[in-house]
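Taking it in order: structure first as structure tokens, then the write-up.
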Amino acid sequence: MNGTNDTTKWLFPAVLVLIVMMLAALTTPSSGKGLSYSQGLEMLTEAGTYDVGANPFVVISDDIDGNGTADLVVANHGAGGISVLMGRGDGRFDGPADFPTGAGTFGVATADFDGDGTPDIAISNELNNTLSILFNSSSGFASKADIPAGGGPHVVAVADFDADGAADIAVPNYHSNSVSVLLNQGDGTFHEKVDSSVHRRPFSAVAADLSGDGAPDIAVTSY
């Protein structure tokens, strides 16, 4: 009996060890393929740190100056304006140029609103219920237009909603539970906003053809 018990004591652990070794052999990647994900992470390096305005909320990228390199636009909620950083093409950027827009700068989007071939910038100002359009030109951002929005405009979406070839704007209004659509007249001026009610505290909007009919629809998140 003692011999049987001794055999059982070592046989069961031995079988477990064998099973674990077999599973390890089956699941171990070959030819280093399992390292590709880690190797990819090791390639992420910090290219630089840049001081912008107070409480930066949203950052987007576009070729603002038309030189073929990606630039950055940052919405600074606490500063009431945006910072534009021109890219050098090697992952580095020039120091930010700051532009005041309105109180509580929140969302930002780029499009050629006035039809001159350069990307302009639309900015939502949460605390004074406006949209600001900074018009881009060969001499930089020389002019700005402020447009009434709803209560607490947040993240801006841009699309050609009326199919006239001009970029229009949709913006969710956090405090008034609505989405405002502003149709562009083709020259950077806009018709009076049209509001649609949505669920409470709408935060972000995106425009896309969700129904497959060729026209852009609007999806909205409600905070």
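Remark: the Cα gyration tensor places the range 56-117 in the oblate category, a/c being 1.5 or greater and a/b not exceeding b/c.
Of the accessible area of the range 128-219, computed with a 1.4 Å probe over protein heavy atoms only, carbon and sulfur atoms account for 50 percent.
Using the Kirkwood radius built from alpha carbon pairs, what does the Stokes-Einstein equation give as D for the range 146-223 at 10 °C and 1.306 mPa s, in µm² per second?
Numbers: Rh = 12.5 Å.
D = 127 µm²/s.
Normalising the Debye intensity of the range 167-210 to I(0), with uniform scatterers on Cα atoms only, and taking log10 at q = 0.19, 0.20, 0.26, 0.32 Å⁻¹ returns -0.60, -0.65, -0.91, -1.08.
Could you tell me what % of all Cα pairs in the range 97-159 have separations over 17 Å? Tail of the P(r) past 17 Å holds 34 percent of the pairs.
The values are calculated or read from the model by the stated rules, or taken from the named source; none is laboratory data. As the structure is a computational prediction, the values presented were derived from the model and not from experiment. Note: accessible area is taken over every heavy atom of the protein model, side chains too, but ligands, DNA and RNA are not part of it. Shrake-Rupley method; radii C 1.70, N 1.55, O 1.52, S 1.80 Å.
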